[in-house]
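In what follows, a single structure is set out as structure tokens and then discussed.
The values are calculated or read from the model by the stated rules, or taken from the named source; none is laboratory data. Values in this document were obtained by computation on a predicted structure and should not be read as measured data. Quick reminder, even Gly has a Cβ in these numbers, built from the backbone with ideal geometry, and neighbours come from all protein chains shown. Side chains included, ligands, DNA and RNA excluded: accessible areas come from the protein's heavy atoms. Shrake-Rupley method; radii C 1.70, N 1.55, O 1.52, S 1.80 Å.
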Amino acid sequence: RRQDQSGEGRRLRVAFRLLPGANADGQRFAEFVRSVLRATRGPVTFVWDRLNVHRAPEVRKVLARFPRASVSLLPAYAPELNPVEGIWCNGKARELRGYCGDAEEDVEDRVDRSLRRQSRQRHILLGHVRQTGLRLPGLT
């Protein structure tokens, strides 16, 4: 936890939801955003790439109802600036390296454990952010 210029603490968190057997669409992603905002107090900054569902009308509608939420969009086609890429690489190198599950549920469980492990370790998350060179007020 670090202090920003206003003296308030800022937390770095990764929020995720696996969607087995389905692609994310605007409605499902809006539900996810709403759940993150309901579970989190204070201001929330989402750092997103330019995936279409991130800019869907349903998502914009949810964001409009939560003025404490802001969005920082990454440039198009810039995976090197996306901290989530580091999270995936870390998971693939550790929990998923050489793994071949017997069923889709086994793989989903392994991915879920990897994401949860990393999301609880602030130093890992900060490392992924710092590696991108992004400047996030209050964190870097």
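Pairs are defined by a Cβ separation below 9 Å, a sequence spacing of at least 6 or placement on different chains, a first member in the stretch 92-107 that is more than 14 Å from Leu18 (Cβ to Cβ), and a second member that is open to solvent by less than 60 Å² (accessible area, probe 1.4 Å) and part of a loop (DSSP other than H, G, I, E, B); no pair meets this definition.
Scanning the stretch 96-111 for residues that are of a type outside the set (A, V, I, L, M) and open to solvent by less than 40 Å² (accessible area, probe 1.4 Å) gives a single hit, Gly101. Among all positions in the stretch 80-100, there is at least one residue which is farther than 16 Å from Val14 by Cα, in a loop (DSSP other than H, G, I, E, B) and hydroxyl-bearing (Ser, Thr, Tyr). For Val47, the criteria (1) surrounded by fewer than 15 Cβ atoms within 10 Å (Cβ to Cβ); (2) touching a strand residue (DSSP E or B) at 6+ places or on another chain (Cβ under 7 Å); (3) within 19 Å of Leu115 (Cα to Cα); (4) not charged (D, E, K, R) hold in every case but one, which is (1).
Somewhere in the stretch 69-81, is a residue within 18 Å of Arg130 (Cα to Cα), modelled with pLDDT under 90 and in contact with a His (Cβ under 6 Å, 6 or more places away or on another chain)? Spell out the reasoning first.
First pass over the stretch 69-81, keeping only residues within 18 Å of Arg130 (Cα to Cα): 72-75, 78-81.
From the residues that got through so far, the ones that are modelled with pLDDT under 90 too are 72-75, 78-81.
Those still in the list that are in contact with a His (Cβ under 6 Å, 6 or more places away or on another chain) too: none.
Taking every residue of the stretch 69-81 in turn, none turns out to be within 18 Å of Arg130 (Cα to Cα), modelled with pLDDT under 90 and in contact with a His (Cβ under 6 Å, 6 or more places away or on another chain).
When the stretch 36-63 is filtered for residues that are within 15 Å of Arg17 (Cβ to Cβ) and part of a loop (DSSP other than H, G, I, E, B), the ones remaining, listed by number, are Thr40, Leu51.
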